[in-house]
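Before we start, here is the structure in question, set down as structure tokens.
The values are calculated or read from the model by the stated rules, or taken from the named source; none is laboratory data. Model, not experiment: these values are computed from the prediction. FYI the Cβ positions are ideal-geometry reconstructions off the backbone, even for glycines, and counts take in every protein chain you see.
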Amino acid sequence: MTGGLSALLLLASCALPEEAFRNYSAAGRVSQWSGVLNALAGGSVKRAESAGNAPLYNGALSMNVPRHAGSINDIAKLFGGMDSSYSQTPAVIAHKQRMDTLWSTHLNAYRTPLQSWASAEIGDFKNANAMFYPFSGPDFLFASALFPGAETYVLAGLEPAEPLPRLSDLSQAEIDSGLTGLHNACSSIMHSGYFITTEMRSNLQATRFRGVLPLLMAFMARTGHTVESVDTVRLDGAGNVTLSGSSGNTGLMIRCRSGFGASKRVFYFRQDLSNSGVSAGGPFLTFVSRLGRIPAFLKSASYLMQEGGFSNIRDYLLRHSLAIVQDPSGVPYREFARYGWNLWLYGNYRGTLEIFGGASQQPDLVAAYSSGRYPVKPLNFGIGYLLNPQTTCLMVGRPGR
């Protein structure tokens with residue numbers, strides 16, 4: 001697929017809303033991209049590069065990766081510890097074995113029971129066309145498990161999106177170290193269901209596979225998605241997304257296809273979600289609003305929305321979401337009542353980890369579980385910081401209006 005027409009068709013297959021697409025700064029130049037495919041070590045794995053050997057992410061330029069080349073998707077498989085055309089060195093084989101073990105643990109402990117739960121309990125919106133996952137970091141795992149029918153995912157965190165290195169420029173020791181760091185960064189969320197942010201940053205920044213992109217690609221490969229392209233994006237002052245990453249709210253747009261062939265777009269924005277970083281009329285939340293009234297998911301959000309400094313994102317979610325699925329670290333229980341939401345409770349909440357302090361314990365939520373005011377159903381899996389199914393908490397809120 002090398003012609004301009006084919007490239008435009010690829011873009012259209014994951015098209016943005018019409019208004020946003022009109023503001024796609026590079027839309028008129030899509031046919032000009034150049035997928036220069038260089039063989040990597042062993043001559044088997046390829047990656048996308050811009051014309052003239054400029055970096056993959058070079059500010060205002062945006063790169064579309066042709067789907068037929070098996071280039072960036074092959075690297076996603078390598079990162080995910082799956083069969084790829086990359087040379088099967090001892091380090092690659094060891095990485096595959098470690099990732100297979102992690103994936104098996106994650107499937108049994110989280111993904112399979114969460115998918116079953118979603119089918120039974122949120123069938124009215126789990127196939128919504130889009131979903132919003134603030135405080136997510138690169139957690140495509142839980143987003144895709146809960147909302148498999150979404151065409152658009154919007155993730156946000158403080159972790160940076162950095163360029164992929166050219167693998168042919170790396171020594172075997174650097175590749176081996178990178179795969180080890182990637183495994184270690186994946187280990188926390190696959191074992192415990194959430195990222196330990198400081199550990200994730202340490203594991204990734206110590207190697208050449210830095211930032212959120214390797215994790216996102218690994219998770220997409222493991223969940224049966226085919227990665228087709230990666231673009232750098234930013235939001236202008238009016239909340240329009242452009243194929244440019246030089247200033248403003250920079251992030252990624254990854255196009256992929258599910259195992260059933262459905263086109264998907266995954267946006268990741270490095271975004272400060274405190275009141276100093278977002279407002280209801282600001283660029284980021286304006287962009288989210290253009291996707292319509294969509295469900296939101298909150299997990300392992302450090303109880304930040306208990307604080308006044310995160311009231312903008314909290315109030316936005318309560319005013320604009322189709323539904324909210326969350327553990328108790330998200331929107332405080334008391335706020336659902338204040339906004340007139342209906343709640344369904346799952347698990348048997350008895351408070352959270354002591355390290356989060358008094359306000360995060362939410363005694364009113366503890367009381368709600370025994371009050372009879374809301375439907376309460378048991379869970380057979382833990383989620384978020386509460387890994388014991390006997391004392392975990394999952395909440396589903398639907399607007400009362």
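Mind checking which residues of segment 325-343 are over 19 Å from Arg293 (Cβ atoms) and either in a helix (DSSP H, G or I) or hydrophobic (A, V, I, L, M, F, W, C) (or both)? Please lay out each step first, then the result.
First, pick out the residues of segment 325-343 that are over 19 Å from Arg293 (Cβ atoms): 327-329, 332-334, 337-338.
Result: Tyr333, Arg334, Ala337, Arg338.
I would also like to ask the following. Out of segment 312-322, which residues are more than 18 Å from Gln362 (Cα to Cα) and either of a type in the set (D, E, K, R) or crowded, with 22+ Cβ neighbours inside 10 Å (or both)?
Ile313, Asp315, Tyr316, Leu317, Arg319, Ser321
Go through segment 385-401 and count every residue that is closer than 15 Å to Tyr110 by Cβ and more than 24 Å from the chain's Cα centre (by Cα).
2
What is the residue count in segment 80-100 for residues that are closer than 19 Å to Ala145 by Cβ and not small (Gly, Ala, Ser)?
3
Just to be sure, is Val212 out of contact with any Lys or Arg (no Cβ under 7 Å at 6 or more places or on another chain) and at pLDDT 85 or above?
Details: out of contact with any Lys or Arg (no Cβ under 7 Å at 6 or more places or on another chain): yes; at pLDDT 85 or above: yes.
Yes: the conditions hold for Val212.
Could you say which residue among Leu164, Leu158, Leu114, Leu179 is over 25 Å from Arg257 (Cα atoms), in contact (Cβ under 8 Å) with a residue 60 or more places away in the chain and not assigned by TED's automatic domain parsing to the domain that holds Leu318? Reasoning before the result, please.
Values: Leu164 fails: over 25 Å from Arg257 (Cα atoms); Leu114 fails: over 25 Å from Arg257 (Cα atoms); Leu179 fails: over 25 Å from Arg257 (Cα atoms).
Within the list Leu164, Leu158, Leu114, Leu179, the selection yields Leu158.
Considering only segment 366-382, I want to know if a residue exists there that is of a type in the set (Lys, Arg) and either assigned to a helix (DSSP H, G or I) or in contact with a helix residue (DSSP H, G or I) (Cβ under 6 Å, 6 or more places away or on another chain) (or both). Steps first, answer last, please.
Here is the first cut: in segment 366-382, the residues of a type in the set (Lys, Arg) are 373, 377.
From what's left, either assigned to a helix (DSSP H, G or I) or in contact with a helix residue (DSSP H, G or I) (Cβ under 6 Å, 6 or more places away or on another chain) (or both): none.
The answer is no; no qualifying residue exists.
With respect to Asp83, is the statement that it is modelled with pLDDT under 95 and not β-branched (Val, Ile, Thr) true?
Details: modelled with pLDDT under 95: yes; not β-branched (Val, Ile, Thr): yes.
Yes: the conditions hold for Asp83.
Restricting to segment 140-186, count the residues that are buried (at least 22 other Cβ atoms within 10 Å of the Cβ), modelled with pLDDT of 90 or more and assigned to a loop (DSSP other than H, G, I, E, B).
The number of residues fulfilling the criteria is 2.
For segment 353-384, enumerate the residues that are within 27 Å of His106 (Cβ to Cβ), at pLDDT 90 or above and polar (S, T, N, Q).
The answer is Asn380, and nothing else.
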